[in-house]
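As structure tokens, the structure follows; a few thoughts come after it.
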């Protein structure tokens, strides 16, 4: 592996010597805390003297610890523990553990030796006597997960014995080479076809310029390098991300690299590296710059010097101002340890910099280091992007759903759905055929990205009655309701379906983690005896939608006499069922969905997901079942007039303006946001209505709705309706111009140069009485 550093003086750069002296930056020896939901497993790499703290505030008895030495041998003794049990591969989501064992050269196993621990409110602490790898597993039977009797998550905290000089994420595969690009320098290196390169922002908020050349081109005296224009044209995006359209191309439109993982997501990928002239024009002659550093580093490979180098500007936060169209920049979004991983698609010569800019917010006014890792081609690093519940929450990378073994053989078109990859469409079927299958027959869709929480305890109803806009006291066992959570201004925080599964047991299926945080804060504020259990990825679910969905379920559903049978479940009803007979895989079955059609949802344990998918597909063959992705669902939900977060409801939009007033019960004595909603209900300024267009041009989200030259509304969601054979949209309109039949226009091309005529109508656009869903 050849590598060349630039040799440049740093004397004329005024950065501080240690970024960690800045307030607000986390020191490298800070404990890493993780909440582990039921049936989940996580890995911790231990050094000698490291501490691991384990507790279960909500109660639990399914905690297991596994430990492995450098060659894969059992190493429980290094934690002062002994083998007290064996854990089966089906007792938890064992895919991460099994994949790690395989990557380390171990053999597949049906069970592993482990130590069983019973954590409590008081933390249990273990310490390692030598370096080892520990897997923490929160085991819980599938039956208790489905029935809502889950015992709650485990909170674990890893405290390193020695602070590290570099805050680097653990290696993800077989490391071929790694090195640090010191601040204000650049380094050139070679990648063989198939190698993976990981560019790591060590301390956070540090820009790193990157460029790559085909090795065979340089040997022929031709510089075939990443071309911004070709790349943007080929991927039709400003920044390639992990997924189907994820590549960087050269000027001949041949791919050089594809993006495998990205934990930051905010980059300027087609700007220039900083130049000498850029500093000179601002009064800093002689300032070190990335373009010169790149030229010096690339010179040994025969690359001609350039005054200004085009580059992929990783971790540089830029955007285009919508009014002035100027390119603006601010401090980076990257955190310490954020990274981008790319796979070389040919033999390449690459260069990476650690930008020296200390006079702009690009590097937080304080340049630091970049670290580069190169992995061998056989390293099993899957596609992923970062997911954070909140901006300051710990990062997790996107996971594969429990149904992925089946969906992945049908499509490669996935997109992030919170922390999971979700199918967008199935090419062999096509989005339009998926749509018609849902309208005329039956479809199955992986909806595992839905958030699920169990609210348990003697004060569970009291908490939910205070937090939700519906009257929860009227909700019977095995019944559900669509409801909202609002803030004190009446703006919708989250929407979802709440099911009552016992006197003091509820399951909240919603769109985001924010509502769970609000519930937790409200419970503490009111001093209530209740706990909110996050199910995480422990309860994957399928949506079975369409007029033949009940016929399909009749072939596979078994229920006990003490719970509602399939034909007894009314709209928004629920039950506990099994696959085939009393010994079959258990799942929670609800009559709900996001399509406006007759439909059901199945919630199961991860270990049973594939079996349930197979049973559904086999039973549905005679009814013409098709898998459906998120693209077809988007069209169907707009036709059905169903609201979406960030579209119909968003900060500053109350429940009535979002078209969700039907889910607000103002007869309740008290709930968060009631006073504001009562006030707004009397004199609403804006309402959500439908727009039906004369043609097939579909306006974009946020397009202005115009009456003459005055804007009177905004488009929230739009699509072309295959049923109505025209474009439709939901729009938030001023009440003065919201009467049915009112003629309005939607502005395109800056809102003025092109107008789309439309007439105001009610929503839903199809089946306004919801007769199909109630059938």
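Look through segment 673-700, keep the residues that are assigned to a loop (DSSP other than H, G, I, E, B) and in contact with a strand residue (DSSP E or B) (Cβ under 6 Å, 6 or more places away or on another chain), and return whichever of them is farthest from residue 742 (Cα to Cα).
That would be 673.
Could you please give the count of residues in segment 697-712 that are surrounded by fewer than 17 Cβ atoms within 10 Å (Cβ to Cβ) and either under 13 Å from residue 635 (Cβ atoms) or more than 26 Å from the chain's Cα centre (by Cα) (or both)? Steps first, please.
The first filter runs over segment 697-712 and keeps only residues surrounded by fewer than 17 Cβ atoms within 10 Å (Cβ to Cβ), leaving 697, 700-702, 707-711.
Restricting the remaining residues to those that are either under 13 Å from residue 635 (Cβ atoms) or more than 26 Å from the chain's Cα centre (by Cα) (or both) gives 697, 707-711.
Residues in segment 697-712 being surrounded by fewer than 17 Cβ atoms within 10 Å (Cβ to Cβ) and either under 13 Å from residue 635 (Cβ atoms) or more than 26 Å from the chain's Cα centre (by Cα) (or both): 6 in total.
Quick check on this structure: which one of 553, 602 is in contact with a helix residue (DSSP H, G or I) (Cβ under 7 Å, 6 or more places away or on another chain), within 29 Å of residue 97 (Cβ to Cβ) and either in a helix (DSSP H, G or I) or at pLDDT 95 or above (or both)? Break it down into steps so the answer makes sense when it comes.
Working: 553 fails: within 29 Å of residue 97 (Cβ to Cβ).
Result: 602 is the single residue among 553, 602 that is in contact with a helix residue (DSSP H, G or I) (Cβ under 7 Å, 6 or more places away or on another chain), within 29 Å of residue 97 (Cβ to Cβ) and either in a helix (DSSP H, G or I) or at pLDDT 95 or above (or both).
Just to be sure, is residue 566 within 24 Å of residue 423 (Cα to Cα) and in the same structural domain as residue 627 (by TED's automatic domain parsing)? The answer is no for residue 566. Checked against the criterion of being buried (at least 19 other Cβ atoms within 10 Å of the Cβ), over 17 Å from residue 340 (Cα atoms) and at pLDDT 85 or above, the candidates 154, 136, 146 yield just one match: 136.
Yes or no: segment 713-735 includes at least one residue that is more than 29 Å from residue 323 (Cβ to Cβ), over 32 Å from the mean Cα position of the chain (by Cα) and assigned to a loop (DSSP other than H, G, I, E, B).
Step one: filter segment 713-735 for residues more than 29 Å from residue 323 (Cβ to Cβ), giving 720-726, 728.
Add one more test, that the residue is over 32 Å from the mean Cα position of the chain (by Cα), and what stays is 724-726.
After this cut, where a residue has to be assigned to a loop (DSSP other than H, G, I, E, B) as well, the list is 724-725.
Yes, segment 713-735 has at least one match.
Does residue 551 meet the test of being over 25 Å from the mean Cα position of the chain (by Cα) and without any contact (Cβ under 8 Å) to a residue 40 or more places away in the chain?
Values: over 25 Å from the mean Cα position of the chain (by Cα): yes; without any contact (Cβ under 8 Å) to a residue 40 or more places away in the chain: no.
No.
Tallying residues that are touching a helix residue (DSSP H, G or I) at 6+ places or on another chain (Cβ under 8 Å) and surrounded by fewer than 19 Cβ atoms within 10 Å (Cβ to Cβ) within segment 466-480 yields 2. If you go through segment 413-433 one residue at a time, how many are without any contact (Cβ under 8 Å) to a residue 60 or more places away in the chain and closer than 15 Å to residue 632 by Cβ? Counting residues in segment 413-433 that are without any contact (Cβ under 8 Å) to a residue 60 or more places away in the chain and closer than 15 Å to residue 632 by Cβ gives 3. Checked against (1) surrounded by 16 or more Cβ atoms within 10 Å (Cβ to Cβ); (2) at pLDDT 85 or above, residue 60 passes all but condition (2). When residue 171 is tested against (1) assigned to a loop (DSSP other than H, G, I, E, B); (2) modelled with pLDDT of 85 or more; (3) surrounded by 18 or more Cβ atoms within 10 Å (Cβ to Cβ), only condition (3) is not met.
Give the residue that is modelled with the lowest pLDDT, with candidates limited to residues of segment 71-98 that are assigned to a loop (DSSP other than H, G, I, E, B) and more than 33 Å from the chain's Cα centre (by Cα). Filtering segment 71-98 for residues that are assigned to a loop (DSSP other than H, G, I, E, B) and more than 33 Å from the chain's Cα centre (by Cα), the one modelled with the lowest pLDDT comes out as 71. Does residue 49 satisfy being in a loop (DSSP other than H, G, I, E, B) and modelled with pLDDT of 50 or more? Yes: the conditions hold for residue 49. Can you confirm whether residue 653 is surrounded by 17 or more Cβ atoms within 10 Å (Cβ to Cβ), more than 25 Å from residue 541 (Cβ to Cβ) and modelled with pLDDT of 95 or more? No, not satisfied.
Being crowded, with 19+ Cβ neighbours inside 10 Å, outside the structural domain of residue 411 (by TED's automatic domain parsing), part of a loop (DSSP other than H, G, I, E, B) and in contact with a strand residue (DSSP E or B) (Cβ under 8 Å, 6 or more places away or on another chain) is true of residue 643.
Here the strands (runs of 3 or more DSSP E) wholly within segment 398-462 that include at least 2 residues being surrounded by fewer than 20 Cβ atoms within 10 Å (Cβ to Cβ) and not assigned by TED's automatic domain parsing to the domain that holds residue 507 are 414-417.
Scanning segment 463-494 for residues that are within 20 Å of residue 526 (Cβ to Cβ), in a loop (DSSP other than H, G, I, E, B) and free of Cβ contacts under 8 Å to residues at least 60 places away in the same chain turns up just one, 475.
Among the residues of segment 349-371, is any closer than 30 Å to residue 451 by Cα, at pLDDT below 95 and surrounded by 15 or more Cβ atoms within 10 Å (Cβ to Cβ)? No, segment 349-371 contains no residue that is closer than 30 Å to residue 451 by Cα, at pLDDT below 95 and surrounded by 15 or more Cβ atoms within 10 Å (Cβ to Cβ). All of 580, 573, 593 fail the test of being buried (at least 18 other Cβ atoms within 10 Å of the Cβ) and touching a helix residue (DSSP H, G or I) at 6+ places or on another chain (Cβ under 8 Å), apart from 593.
The values are calculated or read from the model by the stated rules, or taken from the named source; none is laboratory data. Bear in mind that the values here come from a model prediction, so they are computed numbers and not experimental data. No Cβ is skipped: glycine too gets one built from the backbone with ideal geometry, and neighbour counts run over all protein chains shown.
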